[in-house]
Each structure stands twice: as C-alpha cells, then as structure tokens.
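Accompanying notes for the structure given below.
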Amino acid sequence: MARRLFISVAILTLLLLPSRVWACACCAHPGEYQINFVKPDAYKLSVIERMRFGTTAYLFTGEAEPDDAAKGLAQPADTYSLSGSLVGNVWKLTFRNGDESGTLNLPLPAKMLRYAADIHDGRTKPGYPRAGAL
C-alpha cells in the first residue's frame, strides 16, 4: 500500500512539473551568446533598487562547527529579524536579535557579469515573436 502511494505521488509530481522552462531571450539576437562585464546602467540599478528582502534571516553554518561559523557574532542565534535597503550604492542589511543588532554593508560592484543567449534555437512559442525579432 505504501509503495503504491509513493508511486502515485511521484507520478503526480512529474505531471505537475512544466515540460520546458523558458528563460527570457528578448534581449538576445538569433544565435547570440555573450558573457561580459558591464557597468550597471540606470535600468539595472532601478531593478536592484526594487529588490526587497524577507523579514527573517537564518544563520547558516553548513558543515562548519557552529562556533567556528559564527565567529564575530557576539550573540549567535538561529534566526534574526532582517531589514535591508539600498542606500546610494551600498546594500545596508540590519540583523536584529532582541535588543542586539548589527549592520552589514555590501557595496555594489562597479561592474556586473552579464549573460545574453538565444535559447530558442529558431523555435517560437505561440504568441511570442521569434527570438531577436524585437
């Protein structure tokens, strides 16, 4: 009985998965493939500015011993409340555990890694233009 239930759940899960996952290639021309570093333009910066963080952060130690992984934290905890925003070109992340808090400042890099690729291989999806036709 348990085996039949497991097989049914596995088949149902496979049927619910999308048969193909398409990434957006509206910025790629037919046959295009590029990897390069670029300075973020105003549009990319506006997208970054709209990013929002969840309100809870979890201490992840991986395979390290918790004492080693949490070096530099006065009062390590499993979870922290989190607030973050982009101030100028610096992400300011504030972690809070009760009355204790700390801020992590992450400056945006001067350049970003950019990928552009035509993933359609000449095929189109109904209702969408051929890749590169925009």
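The values are calculated or read from the model by the stated rules, or taken from the named source; none is laboratory data. The shown structure was predicted, so the numbers you read here are calculated from the model rather than taken from an experiment. As a convention, Cβ positions derive from the backbone with ideal geometry for all residues, glycine included, and neighbour counts pool all protein chains shown.
Restricting region 70-84 to residues that are part of a loop (DSSP other than H, G, I, E, B) and small (G, A, S), the residue that is surrounded by the fewest Cβ atoms within 10 Å (Cβ to Cβ) is G72. Total residues in region 85-95 satisfying the condition of being touching a residue at least 24 places away in the same chain (Cβ under 8 Å) and either closer than 14 Å to L108 by Cα or assigned to a loop (DSSP other than H, G, I, E, B) (or both): the figure is 2.
Which of (1) modelled with pLDDT of 80 or more; (2) within 19 Å of the chain's Cα centre (by Cα) is the odd one out, the single condition D41 does not satisfy? D41 satisfies all of (1) modelled with pLDDT of 80 or more; (2) within 19 Å of the chain's Cα centre (by Cα) except (2). Being under 18 Å from W91 (Cβ atoms) and touching a residue at least 60 places away in the same chain (Cβ under 8 Å) holds for only one residue in I48, I35, and it is I48. The single condition among (1) over 18 Å from the mean Cα position of the chain (by Cα); (2) surrounded by 13 or more Cβ atoms within 10 Å (Cβ to Cβ); (3) at pLDDT 85 or above; (4) not aromatic (F, W, Y) that A28 does not satisfy is (3).
Filtered by the rule that a residue be in contact with an Asp or Glu (Cβ under 6 Å, 6 or more places away or on another chain) and within 17 Å of F53 (Cβ to Cβ), region 71-124 gives a lone residue, L86.
For every residue, the table says whether it meets (1) among the polar types (S, T, N, Q); (2) touching a residue at least 12 places away in the same chain (Cβ under 8 Å).
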position	(1), (2)
P40	no, yes
T56	yes, yes
E63	no, no
D67	no, no
Q75	yes, yes
S81	yes, yes
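Within region 96-123, the set of residues being in contact with a Lys or Arg (Cβ under 9 Å, 6 or more places away or on another chain) and either free of Cβ contacts under 8 Å to residues at least 40 places away in the same chain or in a loop (DSSP other than H, G, I, E, B) (or both) comprises G102, T103, L104, N105, L106, A110, K111, H120, G122, R123.
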